[in-house]
Structures are given as C-alpha cells and as structure tokens.
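The values are calculated or read from the model by the stated rules, or taken from the named source; none is laboratory data. For clarity, every value in this text was computed on a predicted model and none was experimentally measured. With ideal geometry, Cβ positions are generated from the backbone for all residues, glycine too; neighbour counts draw on all protein chains shown. Protein only, heavy atoms only, side chains kept; ligands, DNA and RNA dropped before computing areas. Shrake-Rupley method; radii C 1.70, N 1.55, O 1.52, S 1.80 Å.
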Amino acid sequence: MSTGTGPKQVHLAAHFPGVNSTTVWADPRSGSQIDFSSFEHLARTAERGLFDFFFLAEGLRLREHNGRIHDLDVVGRPESITVLNALAAVTDRLGLAGTVNATFNEPYELARRLASLDHLSGGRAAWNVVTSSDAFTGENFRRGGYLDRADRYTRAAEFLATARELWDSWTPEGRQRPFAHHGPQFGIEGEFTVPRSPQGHPVVIQAGDSAEGREFAASAADVIFTRHSTLEAGREFYADVKGRLARYGREPGDLKIMPGVTYVLGDTDAEAQELAAEIRRQQVSPQNAILALEQVWGRDLSGYDPDGPLPDIDPDPESTLVQGRVRIADPVAVARKWRALSEAKGLSIRQTVIETSGRQSFVGSPGTVAAALAEFVATDAADGFILVPHLTPGGLDGFVDRVVPLLQERGVFRTEYSGTTLRSHLGLPEPVWKG
Amino acid sequence: MPRTRTLHLAAELAPGTGPSASAADPLAASSAGTAAARTVALARLAEAAGLDFLTHDDSFARPGLDALAVLARVAPETRSVGLVPTVTTTHTEPFHVQAAVATLDWVSRGRAGWRIAVSPSGAEARLFGRRPAPPTAALWQEAGEVAEVSRKLWDSWEDDAEIRDVATGRFVDRRKLHHVNFQGATFSVKGPSIVPRPPQGHPVTVVDATRPAARDTAAHHADVALIRASSAEEAAALRAELLQGARAHGRDPGQLRVLLSATVDLDAYEGGPGALAELIAGWHGGGAIDGFHLVPAVPERDLDRFASDTVTRLRDRGLFRTAYEGGTLRDHLGLTRPVSQYATTGAHA
Ligand SMILES: Cc1cc2nc3c(=O)[nH]c(=O)nc-3n(C[C@H](O)[C@H](O)[C@H](O)COP(=O)(O)O)c2cc1C
C-alpha cells in the first residue's frame, strides 16, 4: 500500500514468455524456453528492475489441433515449482509465482510444496490458482477430467481454504498441531509436516475473468491476473472487482489488480509502431493465421490461402477441432465480426487475424510507455502489470534499462526493495493466524 | 578379481534420518529459513569430496520440507554432485512426479535422480483422503508402474523433437512427440509429457531394496539399488539376487549399481573413518558391493569426517576418483544415456 502521501505506486511482475503464440521464436535472438539459463536470465533481469515477482504459467497437456499435436508455437516447459526453487538460489528478493491447477492436485501435497518454496526462498512464494478443467487435460491424471465447469471454483475455493488451514496448523511459535478438514470436496486429517512459513501464507493469485472467477478472487486472492489492457475495460474491471471486496470484509488495497500486458519499445513512437507491426507479422505466420481461423471456424481450412479472403462457409459451433485452449464462446458471432472487418478494410485472412488478435498493449518510446503505465495505475485501471515480453530470455532487458528509470523519476516505482518478502513488495498485510 | 571396478560413494542429507538425531527437531520454526543454507553447505562438502550423489529423504508423515524442492534449491549452488530426492508414488500423480523429476534434471544440468518410495500408512492416506493405502505388495507394484510410465513420458519427446524450422513455421516435429497411452492398475496417462526430454534422457532411478517387498521393483526399474547387510556374504548374495532379477526382466545387469546403505555414527564407529574405509575397500574389492551410501547419524559432523578422512584414504589407495570426469550423474555412475524407446519405432503421435 502507498503511504497515502506520495503518488500511487506501480507494481511490476515478469511473465516468462514460454508457451504461447505471442513468443517470436523465429527471431535469431530467441533462446531456449527450457534451459535453466533462460529462467535465470529473466529472473535476474526482473530483480535488477526491482520487480515484485517472476511468473510462470502452466499447461498440463500439449495442445492438439485436428487430432494432432500443435506444432507452430513454442511448446514444452519445465514444472513450475521446481524451477522456482532453483531460482530462489540465484535471486534474493524477487517474488516467485507459479501457476498450479487446483483441479489436478491435492491440498495436502500442494500446500506442502508451496510452504517449502516459501521457506527455501525466505518468504517469496506465490501460487496462481487456475481451475481450467476438461476431459482432455484430465486424461493425464488419476482423477480424470470429470469436473463440471460449475464445480471448478467450488473446488478451488475449498482447496485454498484447506491449504490455509494446513498453513495455520503450526503455531507461529513453531508448535505442530493436528488438523482436520471435512468438507464437500475434501476430507483429510493428520499433521502438516512444514512449520509456518515466512509469509504465513504464500501470496495467492487468481487468473480468470468470469463472474465466478472475480468473486473467488474478491473473497480469497491477493492478486488478480487479468487480460484487460485498455484503459476503459481496465477501469470497469477494477471498479467491479474492488467493489466486491467489502462483502468479504476486505479493503480495496488487499487485492492487487495486475493485467498481463505486452509492450514494444522503440527510440521514437513511430519506430516502435513499425517494430510492433513487424512483430505481429512474425507472431501471425501464414500457418498460424490459418490455425487461428480454424479455431474460430472449427473446421479444417488448410486448403485456404492465408493471403486470400476469409471462407464463406459458416463455423461449426460443435467442433472439437481444437483441444487444450480456451474455447471461443460464440464462434458464429466472431466469424461475422471478422468477415465485416475484412470486407470493410479489404483484409486477407492473415491481415484479419493480425488485426483482431492484437495484444500489444503498450507501444512507443520508453517515455510514452512509462507515461501510459503510470496513467493506468493513477486512474485506477490497474495496480500494476504482469509484463509478457515476446522474446526469451532477453525480452525484458530493454524495459528494465529504459522504462524502469523513467517510472522511478516519476516517483511511481521503488528505487530499492524495502522488505524481503513478496507480501512486503506488494504492500499486503500479513495473514492473520487462525489457530 | 584383477579388473578395477569403479567405486561409487553417496550420502544422505536429510536431517533426522540418523538415530541420534531423532530427538532434535530439525525444523523448529526459527531454523527453517536456514534449511537451504545448511543443505547447500553439506552438498558443497560432499561435492568437494567427489561423491557420486546425495540423497534427501522425505515422507508425508514426518516433519521436513519437500525433498525435491530442497535439492532444486541446491542445484544452482553446486556443479557436479548428483541430486536424488525421495519421491513417493502412492498418493501423488505420476504425471506431476515425472515432470518434477525431469525438471530437476534440467535445472541441475543432468544431475538428477529420484529415490522411489511408497506411503504405506493409514495416516498418510488420511492426509489425502482419496483412497486407503493398498497393501505393501500392491504399493510397490504401483511404484514400478510409476517408474515405467515416467520413462515413457521422459521418452515421449525424442531428443531432437524441437526443430525451430522457420521455413515451414514449425517449432517442433510432431512426429517426434508421442502419446504414451499408459494403462496401469490404478491410473492411466495419455501423454506426451509437457517437459522436453531431460538432459540425461532418464534421470537416475534409485530404489531402496532393503525390504523384500521392494526388491522386484528395484531389480526391474532401478539404476541404483540400495541394500543393507551385516556381512560381505549377505551383501554379495543380495547383489547377486538383484542382478539376476534384472536379467530376468530383460535388462542388462551391467546397468544396475548396488550400493550398501549404512547409518554411521563416526564418533562411535569402532576405529572411526579409517576402519570404514577398510570395510568399504574390502567389500568393494571382493565384489560384494558397487559402492557405499552413507547415512550420517549427524550430517554436519559425520559427512565432514567421511569426506576428509574416509574418502581421502580410499583415494590414497587409488580406489576413488580425485576429480569428476563427466558432468552428469549417469557419467559418475558409469551408466549409459538411454535412447528414447520411441526413437527407433518411427511410431507417430
Ligand atoms: C490472464 C490469465 C492467465 C491464465 N493463465 C493460465 C495458465 O497459465 N494455466 C491455466 O491452466 N489456465 C490459465 N488461465 C485460465 C484460467 O484459470 C481459467 O480457467 C479460465 O480463465 C476460465 O475461467 P473463467 O471462466 O473464470 O475466466 C488464465 C486465465 C487468465 C485470464
């Protein structure tokens, strides 16, 4: 929390740009997405930039397209918590956040792994609770993919509550006491093997935009990771989510709102715009354009020319062509929108995909980008950002060297870490021990 | 035997595993933050002595941090020594377990192993609340299946699956990624893994074969089996049984190392570290064992004395390495790097 005197401070986190279609792996500067040196480089850069935390996403099954493993984007990544423990050895202050699914794990084991990370890092652990569940992913697990959409957050909420009971089962003085949790989702009891960790409870992050997701975050999370990257959408989301907190007896500052954003820097705004267009062309290769189209249409469109017009057939709303990605809710409406845009501007398939899937939120000179980030935070569209570079692992270097100093000059970003734990960086209160 | 066989040495790091340490609470809240510093110091000591690997015991039922987490924390602060956490297979998900072990291999650049263990108690089952613990024989059978599916998942990405072919826009060659379609008695896994094939191909599998129930799983799946014995004859017989079992499972017994695991209090040990060196040299030279796994009664004291005294004497006799020759744990153990089981079949995903 800001002290109430100075301007509202910007929180920054670094997303390791691994598996996704925003990575420009074809760039000759693009390095390994799996070697530890890549993780070390990005984490050290984030710590040099005094960031709050380093963030790893998760996927538990390789994506498939038309029954075959998707081969166009970066795939393959290490298991998050193990990488974060190793990163704890090469960083001192940086928070270490891992995404771990609440459907395909059990509270006892995961609470123990997170508490271990909090101990081994001296209080820098965070857990991004995701809930995605589908039979496709479930095929890799004992549990299978049985969970209804409606039950996902019920399980996640009870999972988190149970984990907190475990974290509270040792007294702050270091005495171990038995625990017992008997609820609709979990019936477990015994003794937790890990003493209370430096943060008491590792920081909890929630990612997901639905009403259920927002409610879950408002009730229980410390940080919410969103996708809203325009000022208007951000303010609306911010007001909505912060408005939900009072119901749970929480203050607006108890939940930090951090959209995941991309950025492109140039010496001038014009140069950055040009570079951004070039990056979009690299991200949306001709093959990726057809794939994006197939994702909407739910049909095999491999015969279409990416430089030609959109297909005039309709999407198949029942399609199972794409697996392992978030489904498009109303493909017919999306197709209609794409067609209208393509006709109005005379765009090819690839150009249409580039136009409609753009995710570069902040493009400009370092001064322009710093001003825009500061404005988002000052006007309550966000509390900070999870930056998603498009290059591994050097994609954050320019931001730390050129934008961070400008944020510091504006007085909206720290010039040194004031505490040692992630909670202290985020200005979050210590969790009250509920013995 | 005239042939010089390589001697392998390993040591246990978990506090509280030795008998005299049991009363001390290794993780009093105030000292938990120093667990990392303590383990790093011990690991560096062992590495300076050239040990093959370090084990770190673990259980859901005893106070202590997650062992794989501890050794991942140690990995960047060491360069050569192998890192072998205990990983239980009973209430955990095989897909997560193999991914974590493969990741330990990535962050340690080829120095990972895992010591497979089971969770036999009702108390452990109640921590998960998913099923009662099956009988011990079934637990070890299941552990074997977890070892098997792990190898399949480690192989599910062939070594050269990542191609980054700019011309065709393909990041991976999907013909080199494989569904494993594993069906076991208690679980199934589709695959492929999310983690590319780890540096060693397969991280090293260690099984404590002390208990008869674990012995067949060790013979079938272990790269390193740990045994306990009170005489060279007993050790030799156990080793022969394990190698014979490996052969019966269609394995090359030359790819299985058998190490004598012994809890040692070097203060109380008659003759001290020198006598221990004699014993190791004698049993090893006679072919009863391939090496020795020290379980120190008090790690700080005994590991130090083992490294400075016992290891030095073994080196003086030319029985133990003076420097690491290879970079991976497989190199230290003289084990070959396995080829992906899918690489020669040409089977498509
Ligand atoms: C910004 C953001 C990042 C996410 N990252 C992941 C991830 O790394 N792994 C994952 O399995 N799901 C991830 N999700 C998916 C969410 O956990 C959730 O399943 C999905 O958004 C649908 O939930 P909802 O209906 O609440 O939006 C992410 C979602 C958002 C909004």
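Miscellaneous remarks
- Candidate set from region A:111-140 (those that are at pLDDT below 95 and within 13 Å of the ligand (Cβ to nearest atom)); member that is nearest to the chain's Cα centre (by Cα): A:Val130
- A:Ser219 within 16 Å of the ligand (Cβ to nearest atom), among the polar types (S, T, N, Q) and open to solvent by 40 Å² or more (accessible area, probe 1.4 Å): yes
- Elements of type helices (runs of 4 or more DSSP H) in region A:85-192, at least 3 residues being without any contact (Cβ under 8 Å) to a residue 40 or more places away in the chain: A:107-120, A:149-167
- Single unsatisfied condition, A:Ala150 versus (1) within 16 Å of the ligand (Cβ to nearest atom); (2) in contact with a Phe, Trp or Tyr (Cβ under 6 Å, 6 or more places away or on another chain): (2)
- Only one of A:His228, A:His201, A:His182 that is away from the ligand (no atom under 15 Å from the Cβ) and more than 14 Å from chain B (Cβ to nearest Cβ): A:His201
- All of (1) more than 9 Å from chain B (Cβ to nearest Cβ); (2) at pLDDT below 95 hold for A:His41 with one exception: (2).
- Residue that is over 23 Å from B:Asp290 (Cβ atoms), modelled with pLDDT of 95 or more and open to solvent by less than 10 Å² (accessible area, probe 1.4 Å), where the choices are B:Val146, B:Val206, B:Val224: B:Val146
- Filtered residues of region B:282-300 (kept if farther than 19 Å from B:Gly334 by Cα and surrounded by 15 or more Cβ atoms within 10 Å (Cβ to Cβ)): B:Trp283, B:Leu294, B:Val295, B:Pro296, B:Ala297, B:Val298, B:Pro299
- Residue identified as within 16 Å of the ligand (Cβ to nearest atom) and either within 26 Å of A:Ser285 (Cβ to Cβ) or in contact with a His (Cβ under 9 Å, 6 or more places away or on another chain) (or both) among A:Gly59, A:Gly67, A:Gly31: A:Gly59
- If you go through region A:153-171 and pick out every residue that is within 16 Å of the ligand (Cβ to nearest atom) and within 15 Å of A:Glu106 (Cβ to Cβ), you end up with 4.
- Screening B:Ala125, B:Ala112, B:Ala117 for residues that are open to solvent by less than 30 Å² (accessible area, probe 1.4 Å), within 24 Å of A:Leu117 (Cα to Cα) and more than 12 Å from chain A (Cβ to nearest Cβ) leaves exactly one candidate, B:Ala117.
- Note on region B:174-195: among residues that are farther than 30 Å from B:Pro135 by Cβ and open to solvent by 10 Å² or more (accessible area, probe 1.4 Å), the one that is nearest to the other protein chains (Cβ to nearest Cβ) is B:Arg174.
- Among the conditions (1) surrounded by fewer than 16 Cβ atoms within 10 Å (Cβ to Cβ); (2) within 16 Å of the ligand (Cβ to nearest atom); (3) β-branched (Val, Ile, Thr), the only one that A:Thr268 does not satisfy is (2).
- Selection count where residues are surrounded by fewer than 16 Cβ atoms within 10 Å (Cβ to Cβ) and part of a helix (DSSP H, G or I), scope region B:242-252: 3
- When region A:162-209 is filtered for residues that are open to solvent by less than 10 Å² (accessible area, probe 1.4 Å) and aliphatic (A, V, I, L, M), the ones remaining, listed by number, are A:Ala163, A:Leu166, A:Ile188, A:Val194, A:Val203, A:Val204, A:Ile205.
- Evaluation of A:Tyr248 against (1) within 15 Å of the ligand (Cβ to nearest atom); (2) over 21 Å from A:Leu56 (Cβ atoms) (one fails), failing number: (1)
- Residue in region B:137-148 that is under 18 Å from B:Thr210 (Cα atoms) and part of a strand (DSSP E or B) present: no
- Those residues of region A:401-435 which are small (Gly, Ala, Ser) and open to solvent by 70 Å² or more (accessible area, probe 1.4 Å), in sequence order: A:Ser418
- Sole residue being touching a residue at least 24 places away in the same chain (Cβ under 8 Å), more than 10 Å from every other protein chain (Cβ to nearest Cβ), farther than 26 Å from B:Arg62 by Cα and within 16 Å of the ligand (Cβ to nearest atom), chosen from A:Pro17, A:Pro78: A:Pro17
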